Amino acid sequence: MKKAIYPGSFDPLTNGHLDIIKRASDVFDKVYVCVADNPMKKYFFTTEERLNMAKESCKDIPNVEVIYTDGVVVNKAHELGCKVIVRGLRAVTDFEFEFQLAAANEFINDEIETMFLMASSGKGFISSSYVKDFYLNNVDISSLVPEPVLKYFKKR
Ligand code: ADP
């Protein structure tokens, strides 16, 4: 069984993330979407909100499971029997960060590969930061995030 883990902050999960999740779920038998807490980062949504938003957004994709870690993603991957970490690339600006992250992960465990999926056309500009910024400035974000995420924004 080919298993992969797709880690991220998902603060919140966007249609760009969901596109990567769906495409990865076509390639792998099982995809773990891993909501990761980094103690160095400040989040807009709570861990519970980020987890629930991801769970509700992925509920119709049968081979996707949403999980959580506040530890090292590579170790979580190993624990779950995942050989692959999936990440998304939107633009050249993502490359430097992702390249270093992949190298750091390889340093921790070189049996786990990082594989990249390019953003689908029309989705490359979507980021959690823009979505939050748009929402706070009354720009309609309904085409940028899954329905459950909108609900969590409205609760705020
Ligand atoms: P992190 O804080 O770990 O970067 P994010 O939630 O911002 O977490 O992103 C998780 C992954 O999804 C990253 O690899 C990022 O490049 C990718 N990603 C984010 N938005 C998009 C998008 N619109 N299209 C493709 N990949 C994306």
* Inside the stretch 111-149, can you point out the residues that are at pLDDT 95 or above and on the phi > 0 side of the Ramachandran plot? -> Asn138
* Structure fact -> Going through the stretch 24-52 in order, the residues found to be over 30 Å from Met1 (Cα atoms) and more than 10 Å from the ligand (Cβ to nearest atom) are Pro39, Met40, Lys42, Phe44, Phe45, Thr46, Glu49
* To do: Identify the residue in the stretch 90-105 that is more than 9 Å from the ligand (Cβ to nearest atom) and either among the charged types (D, E, K, R) or closer than 15 Å to Ala4 by Cβ (or both) and, among all such residues, is surrounded by the most Cβ atoms within 10 Å (Cβ to Cβ).
  => Asn105
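Residue under question is Arg87, and the condition is that it be charged (D, E, K, R), part of a helix (DSSP H, G or I) and surrounded by 14 or more Cβ atoms within 10 Å (Cβ to Cβ); does it hold?
So Arg87 fails the test.
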* Is there a residue in the stretch 74-84 that is of a type in the set (Lys, Arg) and free of Cβ contacts under 8 Å to residues at least 12 places away in the same chain? -> no
* Structure fact -> The condition from (1) out of contact with any Ser or Thr (no Cβ under 7 Å at 6 or more places or on another chain); (2) within 14 Å of the ligand (Cβ to nearest atom); (3) of a type outside the set (D, E, K, R) that Cys82 misses is numbered (2)
* Scan the stretch 140-152 and give yes if some residue there is touching a Phe, Trp or Tyr at 6+ places or on another chain (Cβ under 7 Å), hydroxyl-bearing (Ser, Thr, Tyr) and away from the ligand (no atom under 12 Å from the Cβ), otherwise no. => yes
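Residues are listed down the side, and each one gets a yes or a no for (1) in a loop (DSSP other than H, G, I, E, B); (2) touching a strand residue (DSSP E or B) at 6+ places or on another chain (Cβ under 7 Å):
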residue: Pro39; (1), (2): yes, no
residue: Phe44; (1), (2): yes, no
residue: Asn52; (1), (2): no, no
residue: Lys55; (1), (2): no, yes
residue: Ile67; (1), (2): no, yes
residue: His78; (1), (2): no, no
* Asked: Given the conditions (1) free of Cβ contacts under 8 Å to residues at least 40 places away in the same chain; (2) in contact with a Leu (Cβ under 9 Å, 6 or more places away or on another chain); (3) under 18 Å from Pro12 (Cα atoms), and given that Leu136 satisfies all but one, which numbered condition is not satisfied?
  -> (2)
* To do: Would you be able to say whether some residue in the stretch 67-75 is more than 12 Å from the ligand (Cβ to nearest atom) and under 13 Å from the mean Cα position of the chain (by Cα)?
  => yes
* Structure fact -> Ile108 passes all but one of the listed conditions (1) within 11 Å of the ligand (Cβ to nearest atom); (2) modelled with pLDDT of 95 or more; the exception is number (1)
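The values are calculated or read from the model by the stated rules, or taken from the named source; none is laboratory data. Just so it is clear, the structure is predicted and the values come from calculations on it, not from any experiment. Cβ atoms come from the backbone with ideal geometry, glycine included; neighbour counts cover every protein chain shown.
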